[in-house]
Amino acid sequence: TDDRIRVVLTMRDDFLMRAQTLAPLRAHLMSGLELLATPSPADLLRIVVEPARRAGYAFEPAELPLEIVQAVAHEPGALALVSFTASKMWELRDREHHVLPRRAYDALGGVGGALAQHAEETLAAMPPGPLALVREAFRHLVTADGTRAVLTRRELAQLTGGGAAAEAAIERLVATRLLVTSEGVDGAELVEVVHEALLSAWPRLVAWRREDAEGARLRDQLRAAARQW
């Protein structure tokens, strides 16, 4: 307790069990472990409002932060979605009047528009090879009806060709929060698109879906038949 230095490390929960297998870390992991779950709506609201307030900015209208939070509160990637939206709104802030106006939120296209911008920035930083794997991953993570499909991580890796390249592409999408993971009832790691809004707000994905409409219908039929069998 007399130490003047504190070291804080963060780790995604899907890496925690891997870290536990490393002997030098095993003895230290549990002693100071703090699990951070998805924030409650009240905490998300504070996360949106407080940094702006401390910087001398207010939202206009005052109920806008609540609207942002309500749009994402029940999503597994809620914190990431709030982060995308708030950071893009900050770039469009009214510096003269020190406000974050609704027109900035509307100009982004809401949460979906901010997320689409983040998706484009993520893909722009990737070389052409992994980019093809990203498209393949999204082909399988969107149904013909335009909703999110939930696959195990193993299934998704197999469907995108398997191997280290497919795993790396999936990991990149998870790390940048375009995909989110959760644990299934059988312990398998599940993967899905971070938010339904991305499916309609991201022009690149909309184009991919349009070009692959027939393939999507066939995949849905095959999945249904396989599960029935």
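The values are calculated or read from the model by the stated rules, or taken from the named source; none is laboratory data. Just so we're clear, the structure is a prediction, and the values are computed from it rather than from any experiment. Note: ideal-geometry Cβ built from the backbone for every residue, glycine included; neighbour counts use all protein chains shown. These area figures cover heavy atoms from the full protein model, side chains too; ligands, DNA and RNA do not enter into them. Shrake-Rupley method; radii C 1.70, N 1.55, O 1.52, S 1.80 Å.
Before moving on, here are some points about what is shown:
- When restricted to residues that are open to solvent by less than 70 Å² (accessible area, probe 1.4 Å), modelled with pLDDT under 90 and closer than 21 Å to ALA197 by Cα, the range 141-164 contains 7.
- Considering residues of the range 99-153 that are basic (Lys, Arg) and over 14 Å from the mean Cα position of the chain (by Cα) only, the residue nearest to ALA52 (Cα to Cα): ARG102
- ASP186 over 26 Å from ALA71 (Cβ atoms) and surrounded by fewer than 17 Cβ atoms within 10 Å (Cβ to Cβ): yes
- Only one entry of ALA197, ALA168, ALA201 meets the criterion of being among the small types (Gly, Ala, Ser), free of Cβ contacts under 8 Å to residues at least 40 places away in the same chain and open to solvent by 20 Å² or more (accessible area, probe 1.4 Å), and that entry is ALA168.
- Selected residue (criterion: farthest from VAL191 (Cα to Cα)) from residues of the range 56-98 that are open to solvent by 80 Å² or more (accessible area, probe 1.4 Å), in a helix (DSSP H, G or I) and of a type outside the set (A, V, I, L, M, F, W, C): GLU91
- The range 117-135, subset surrounded by fewer than 17 Cβ atoms within 10 Å (Cβ to Cβ), free of Cβ contacts under 8 Å to residues at least 40 places away in the same chain and touching a helix residue (DSSP H, G or I) at 6+ places or on another chain (Cβ under 8 Å), residue farthest from VAL193 (Cα to Cα): GLY129
- Within the range 106-116, the set of residues being in contact with a helix residue (DSSP H, G or I) (Cβ under 6 Å, 6 or more places away or on another chain) and either assigned to a helix (DSSP H, G or I) or closer than 21 Å to GLU211 by Cα (or both) comprises LEU108, VAL111, GLY112, GLY113, ALA114, LEU115, ALA116.
- Screening ALA166 against (1) in a helix (DSSP H, G or I); (2) farther than 20 Å from TRP208 by Cα leaves a single unmet condition, (2).
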